[in-house]
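Engineer: Attaching a single structure in structure tokens format; questions to follow.
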Amino acid sequence: MSASAAGDRLRASVLLTVVLAAALLVACGGGGDAPGTDEPDDQVQAEPQGTVTEESAIEAVESFDPADEEAVASLNDIVYDGGDYVPSLEPLLESEDPNVRWAALYVIANLTDTEDEIGVLTPILEDDEVIFSVMAAGSLAGLGVVDALPALIGGLSSTAQLPYSDPPQPLSSFALLTLERYTGETFDDADEWQAWWDDVGSSIVWEDGQYVSD
């Protein structure tokens with residue numbers, strides 16, 4: 001499976017899981033159903049609302065306001081457009097405004113499918129904010145980045161909520177769904193996931209859209 005195809009599947013997961021309040025539920029392309037839903041992707045898609053440019057993409061992220069009911073539509077327009085916006089948005093991952101950081105990560109996580117773009121997201125796995133590290137890990141896990149798995153396992157113990165999710169969803173649920181989807185494993189708690197990783201992590205490889213122990 002290509003990185004692009006894997007990225008498409010993960011985009012559906014992210015867009016269906018991280019939904020801003022009072023916003024339209026959407027998914028971006030890809031094959032297969034999003035985790036946690038029974039609807040195929042094509043039943044929950046929406047059309048972009050306007051033409052996206054590099055300048056408008058930067059403006060939408062820089063001005064992101066969760067109180068604005070159109071805010072998510074602007075971010076999803078960027079994702080649907082599918083342009084090469086990651087390099088332009090990368091500096092906004094360093095913003096002191098957590099809303100801007102989140103918006104930049106949301107868009108970048110959904111657009112990432114090249115080695116260079118993976119390189120933009122990978123440092124976020126070490127972010128001090130577990131919300132950001134787990135969201136980055138959710139995208140990277142679907143692109144075969146093995147280092148994303150321990151970040152997701154770390155998120156299983158978090159009590160944080162996914163930002164702006166409606167209805168509210170625990171970050172730990174997002175981490176669990178992503179782990180189960182890409183490893184095919186199911187465990188009762190974070191300790192069992194950690195024990196599994198300690199046992200097989202050194203031999204994990206990415207094959208045909210799944211992590212397997214070599």
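Nothing in this text is a laboratory measurement; each read-out follows from the coordinates by a stated rule. Because the structure is a prediction, the values reported are computed rather than measured. Every residue, glycine as well, gets a Cβ built from its backbone with ideal geometry; the counts of neighbours run over all protein chains shown.
Engineer: For a quick protection proxy, order the peptides 92-104, 68-80, 132-144 by their average other-Cβ count within 10 Å, most packed first. Before the final figure, lay out the partial values.
Structural biologist: Details: 92-104: 17.9, 68-80: 20.8, 132-144: 26.0.
Packing order, densest peptide first, comes out as 132-144, 68-80, 92-104.
Engineer: At 0.36 nm per residue, and after removing the present C-alpha to C-alpha distance, how many nm does the segment from Asp84 to Glu185 gain when stretched out fully? Intermediate results must be reported in sequence, preceding the final value.
Structural biologist: On the way: separation 101, 0.36 × 101 = 36.36 nm, distance 3.43 nm.
Extra length from Asp84 to Glu185 when fully extended: 32.9 nm.
Engineer: Moving to a separate point now. Taking the mean number of other Cβ atoms within 10 Å as a proxy for protection, how do you rank 200-208, 58-66 from highest to lowest? Please report the intermediate quantities before stating the final value.
Structural biologist: Working: 200-208: 12.6, 58-66: 17.6.
Per-residue mean Cβ counts within 10 Å order the peptides as 58-66, 200-208.
Engineer: Next up: Quick one: which of 181-194, 145-158 comes out on top by average Cβ neighbours within 10 Å, and what's the full order, highest first?
Structural biologist: Numbers: 181-194: 15.8, 145-158: 20.4.
By packing density, highest mean first, the sequence is 145-158, 181-194.
Engineer: Shifting gears a bit: If contacts are Cα pairs under 8 angstrom and at least 6 residues apart, what is the relative contact order of the stretch 109-214 in percent? Write out the running numbers ahead of the final one.
Structural biologist: Values: 129 pairs, mean separation 22.4, N = 106.
Value for the stretch 109-214: 21 percent.
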